Amino acid sequence: MRIFSGIRPTGGLHIGNYLGAIKQWISLQESNECVFCIVDLHAITTPYDPKELQKNILDTTAVYLAAGINPEKSVIFVQSQVKEHAELAWLLGTITPMGELSRMTQFKDKSKQHKDYINAGLFTYPVLMASDILLYKGQAVPVGKDQEQHVELTRTIAKKFNQKFGKVFDEPETILPKTGAKIMSLTDPKRKMSKSDEPKSCISLFDSPEDITKKIMSAETDSGKDVIYNVTKKPGISNLLTIYSLLTDRPVKEIEKDFVGKGYGDFKKSLATVVVNYLEPFRRKQKELQTRDVYVKDILAKGASRARTIAETTMAEVRSKMGLA
Ligand code: TRP
């Protein structure tokens with residue numbers, strides 16, 4: 001299968017981003033043709049600092065590489081380096097109903113979040129995302145649950161294009177994380193973990209061991225003292241158990257057993273060790289890659305060149321079907 005996915009280079013990727021998306025890319029990479037994109041054109045639809053963008057792109061690349069994405073096998077590249085994304089987005093915009101775009105919950109959320117930054121690019125964001133996927137004739141898109149609606153819209157657009165102009169695209173399916181796990185905030189386990197909340201609530205992939213330990217030890221827990229998974233009664237402990245389980249690849253039930261008769265403190269100490277060890281390669285890789293700019297840029301240049309080859313072929317087909325060539 002041809003797999004496509006992307007992440008916005010907004011800086012401060014956290015374990016929620018990692019467990020919700022990137023982790024599953026690694027296993028897909030083994031037996032599929034994967035294209036992984038750093039979607040800078042999407043990142044600029046919300047307020048950002050142009051001086052930080054290149055650094056964030058390199059940091060995101062470091063995360064991809066540290067997580068185990070193999071640039072020899074999968075295509076890793078930066079969206080704006082392949083002009084066809086913007087071109088296809090314009091063309092697909094002409095067959096995307098305004099009504100569909102108005103229904104998108106991410107647009108509604110982001111417009112509320114950034115009231116003085118509601119731009120046309122934010123509104124047509126899902127068309128660009130559809131173009132990302134369809135440009136590579138993506139058949140499956142591993143993303144978090146919040147992006148499901150956009151992939152659905154991508155199917156609608158693909159179907160509409162095929163009906164109107166003749167078959168070019170597959171209708172891609174969503175691949176959701178196996179556990180369906182949403183990682184919640186450490187300080188308010190009823191909300192999703194988000195880097196725009198207070199720093200204590202969120203574990204960045206590049207946090208120092210000291211910070212990780214501090215954040216986990218002070219994470220909001222629940223009344224009682226038993227380490228038991230129960231999202232309604234114990235949202236805090238349940239969230240920590242989910243993280244524990246995903247990072248150790250062990251079922252929650254088994255972890256609960258390890259902590260029978262022990263309290264939250266022991267559990268948190270053990271979790272802190274798990275997280276610190278798990279993230280060690282991320283910190284190491286980021287440090288290493290910070291001194292190897294040329295190497296990283298070379299990976300991205302090669303990736304863009306491989307991506308361009310596919311993108312140009314699709315665009316030739318699209319232009320011809322639409323009567324533009
Ligand atoms: N919209 C996605 C997000 O916010 C990022 C993204 C852009 C993406 N283009 C994509 C994800 C294509 C998957 C496929 O997380």
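The values are calculated or read from the model by the stated rules, or taken from the named source; none is laboratory data. All figures in this text were calculated on a predicted structure; none of them were measured in a lab. No Cβ is skipped: glycine too gets one built from the backbone with ideal geometry, and neighbour counts run over all protein chains shown. Areas reflect the complete protein model, heavy atoms only, side chains present, ligands, DNA and RNA absent. Shrake-Rupley method; radii C 1.70, N 1.55, O 1.52, S 1.80 Å.
Details
- Probe 1.4 Å, protein heavy atoms only - accessible area per residue of the chain in square angstrom: 47
- Sequentially through segment 103-109, phi angles give Karplus couplings (6.51, -1.76, 1.60; θ = phi - 60°) of 7, 5, 5, 5, 4, 4, 4 Hz, Gly and Pro residues having no value and appearing as x.
- This model, with +1 at the C-beta of Lys and Arg and -1 at the C-beta of Asp and Glu, gives segment 50-208 a dipole about its Cα centre of some 340 debye.
- Antiparallel DSSP beta bridges within the chain, as percent of all bridges there, nearest 5: 20
- Projected label distance in nm at Lys269 and Ser223, using a 7 Å step from Cα toward the beta-carbon: 2.7
- Mean-position separation - Cα centroids, segment 102-160 and segment 42-91, in angstrom: 16
- Computed 3J(HN,Hα) for segment 211-220, one whole-Hz value per residue from the Karplus formula 6.51 cos²θ - 1.76 cosθ + 1.60 where θ = phi - 60°, is 5, 4, 4, 4, 5, 6, 5, 9, 4, 4, glycine and proline marked x.
- Distant-in-sequence amide contacts of Val143, defined by a placed amide H-H separation under 5 Å and a gap of 5 or more residues or a different chain, comprise Ile175.
- Test item: Cα-centred dipole of the chain, Lys/Arg +1 and Asp/Glu -1 on Cβ, debye: 320
- Prolate/oblate/rounded label for segment 1-97 (Cα gyration tensor, a/c 1.5): oblate
- Most mobile of Tyr295, Tyr125, Tyr229 in a GNM of the chain (Cα contacts under 10 Å): Tyr295
- For segment 140-156, 3J(HN,Hα) computed residue by residue from phi via the Karplus equation (6.51, -1.76, 1.60; θ = phi - 60°) reads 9, 10, x, 8, x, 4, 5, 9, 4, 4, 5, 6, 4, 5, 4, 4, 4 Hz, glycine and proline entered as x.
- Stokes-Einstein translational diffusion, segment 78-149 - Kirkwood Rh over all Cα pairs, 0.692 mPa s, 37 °C, in µm²/s: 249
- FRET efficiency for Lys297 and Val260, using Cβ-Cβ distance with R0 set to 41 Å, rounded to 0.05: 0.20
- Spatial offset of segment 289-309 relative to segment 227-245 amounts to 40 Å, using the alpha carbon center of each.
- With eigenvalues of the C-alpha gyration tensor scaled by 5 and rooted, the chain, Å: 37, 22, 18
- Segment 28-78: trypsin sites (Lys or Arg not before Pro) falling in loop per DSSP and having at most 16 other Cβ within 10 Å: Lys73
- Local net charge near Tyr244, Cβ-Cβ under 14 Å (Lys/Arg +1, Asp/Glu -1): +2
- A simple spin-label model places the labels of Ala120 and Gln163 2.7 nm from each other, with each point 7 Å out along Cα-to-Cβ.
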